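The values are calculated or read from the model by the stated rules, or taken from the named source; none is laboratory data. Please read these numbers as outputs of a predicted model, since none were measured by experiment. Every residue, glycine among them, receives a Cβ derived from its backbone with ideal geometry; neighbour counts consider all protein chains shown. Just so you know, the surface numbers come from the protein's heavy atoms only, side chains and all, with ligands and any DNA or RNA stripped out. Shrake-Rupley method; radii C 1.70, N 1.55, O 1.52, S 1.80 Å.
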Amino acid sequence: RDTIKTFVNSEILPHIQDWEEAGEFPPELHERTYAAGLYGAGWPAEFGGTGPLPLDKWHHFIFNDQLGRACAGGLLASLFTHGIGLGPVLALGTEEQKHRYATDIVKGKKKICLAITEPTGGSDVSGYRTSAVKDQSGQHYIVNGGKTFISGGMKTDYFTTCVRTGGEGITGLSLLLIERKTPGVKTTRIKTQGWLCSTTTSVVFEDVKVPVENLLGEEGAGFMAVVLNLNDERVSMAVAANRMARTCPEDAISYAKTRKTFGKLLIKHQAIRHKLMECAREIMATHGMCIATTLQREAEDVDDMEMGGIVALLKVQATRTMEKVARECSQVFGGKSYVRGGPGGTVERVYREVRVYAIGGGSEEVLLDFASRQARL
């Protein structure tokens, strides 16, 4: 916790507003984060990973909680793309693939992104259309299709790409490692409501020739490799979202103790105090749910796949808390919450983060329905 807290305080908080306005962060931040002991945390030592090993669910909790203080999900999504992009390489890849790619990625010298979502569907993984068909030689896949909302895609070196190598449904999906500089790969930056310093990207594959050696695992193994990461992704988003929510009343209280209206400090108005306590109540309840879910997932006798419904409800709870708190604290700041930067700048930034947290990683509607089905309703 102290390591991450120090890094956030010194390397992120003083600069994040400037990076948001610039629409990017310095590329060397990847290697600086590795030097600080964060970028390589939890990855195997043989590939340059740093301790502690192994990382348990509480390490991940602390990691996302502290990084959430930056209130910049776009930075986190584009800085730590290897968190979701490298896992399938290590889980499914051959020893040759692991040693060829992993070390430079773990050390921040190369970047990797997970390319899953398509323009025609996000949560409906079984309906993905990007195709990979072997050519006549049998030595290459010819990839055609497109991916969208790929965090960090404009500056990545590799895409861990979900492609259809077989028939319809989930059994036809596989994973290919595709280099961004391969002829036929076209990337375009997407202009987004929030996440301004994240290079959110649309990727088009037009007759992209990929060696069969870049297949990760067996054909048809792509779906499970993606699904097994969903609980970690959703809990990470929930913990970070609730920490972002927590920063809003912290800033609002500080402001309300100095701002005067109608002859007295803003904090002396009962309506403002009640509004802030409602925020605190929501945040504390969500924090308790984060703790309880982490406890359950850390238990040795729990099948994490069976935790999917609870994790889904946690993410919905956290993002709705984030949305409500950002709104209420915006009201405390008044017009200053509508200005990028200044005393209400963090609340303004969190408000722009709300939608991507409520939709990304599974929308509220998809997650609530999934939870109801897992509960066998």
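Summary table
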read-out	value
Subset tally (residues that are under 13 Å from the mean Cα position of the chain (by Cα) and open to solvent by 30 Å² or more (accessible area, probe 1.4 Å)) for region 356-373	2
Condition met for THR261 (among the hydroxyl-bearing types (Ser, Thr, Tyr) and touching a helix residue (DSSP H, G or I) at 6+ places or on another chain (Cβ under 6 Å))	no
All positions within region 213-229 that are open to solvent by 60 Å² or more (accessible area, probe 1.4 Å) and either small (Gly, Ala, Ser) or in contact with a Ser or Thr (Cβ under 9 Å, 6 or more places away or on another chain) (or both)	GLU213, GLU218, GLU219
Residue that is farthest from THR294 (Cα to Cα) [pool: residues in region 41-68 that are surrounded by 13 or more Cβ atoms within 10 Å (Cβ to Cβ) and without any contact (Cβ under 8 Å) to a residue 40 or more places away in the chain]	THR50
Test: residue in region 89-109 that is within 18 Å of MET154 (Cβ to Cβ), loosely packed, with under 15 Cβ neighbours inside 10 Å and touching a residue at least 60 places away in the same chain (Cβ under 8 Å)	yes
Condition check for ASP232: surrounded by fewer than 21 Cβ atoms within 10 Å (Cβ to Cβ) and not in a helix (DSSP H, G or I)	no
Residue pairs meeting the criteria (Cβ under 8 Å; at least 6 apart or on separate chains; first in contact (Cβ under 8 Å) with a residue 40 or more places away in the chain, in region 269-284; second among the hydroxyl-bearing types (Ser, Thr, Tyr) and open to solvent by less than 50 Å² (accessible area, probe 1.4 Å))	GLU282/THR321; ILE283/THR321
Test: residue in region 194-202 that is out of contact with any Pro (no Cβ under 8 Å at 6 or more places or on another chain) and open to solvent by 40 Å² or more (accessible area, probe 1.4 Å)	no
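To keep it simple, each residue is scored yes or no on (1) part of a helix (DSSP H, G or I); (2) exposed (fewer than 14 other Cβ atoms within 10 Å of the Cβ).
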residue	(1), (2)
VAL8	yes, no
PRO14	no, yes
ASP18	yes, yes
GLU21	yes, yes
TYR34	yes, no
TYR39	no, no
